[in-house]
Amino acid sequence: MTGIEQFQGARLFRNLSLIECADAATLAEVLAGPAGRHVVRRLSDTVVVVDHTQVEQILKALRKAGYTPRVSGEGRQ
């Protein structure tokens, strides 16, 4: 049985962290830096799943690179 066959029903993801960029070029630039080490899976040209245990490290790396990420979740929008 393949992974796809195992998940024909609904999926629930706990502790899911994403990086979403406005365009593919920006995401490529972000992933070329330290944040790229924490990618778990690419969902699209502009979205990747990252290791949720490394969110603070990823935020520090993004800010150091000059990005101002908007953080959503846990009461923040």
Subject >> Sorted peptide list for 30-42, 55-67, criterion being average Cβ within 10 angstrom, highest first >> reply: 30-42, 55-67
Original post:
What is the gain in length, in nm to one decimal, between Ala10 and Leu59 on full extension, counting 0.36 nm per residue of separation less the C-alpha to C-alpha distance?
Top reply: 14.6 nm
Original post:
Rg and Dmax of region 13-64, Cα atoms, in Å?
Top reply: 10.1, 29
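Full extension from Val39 to Ser72: what is 0.36 nm times the residue separation minus their Cα-Cα distance, to one decimal in nm?
Numbers: separation 33, 0.36 × 33 = 11.88 nm, distance 1.81 nm.
Computed gain between Val39 and Ser72 is 10.1 nm.
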Subject >> Separation of the Leu18 and Asp51 label points, Cα + 7 Å toward Cβ, nm >> reply: 2.2 nm
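Here, each number is a calculation from the coordinates, and none is a lab measurement. The structure displayed is predicted, hence computed values, not measured ones. Please note: Cβ atoms are built from the backbone with ideal geometry, for glycine as well, and neighbour counts cover all protein chains shown.
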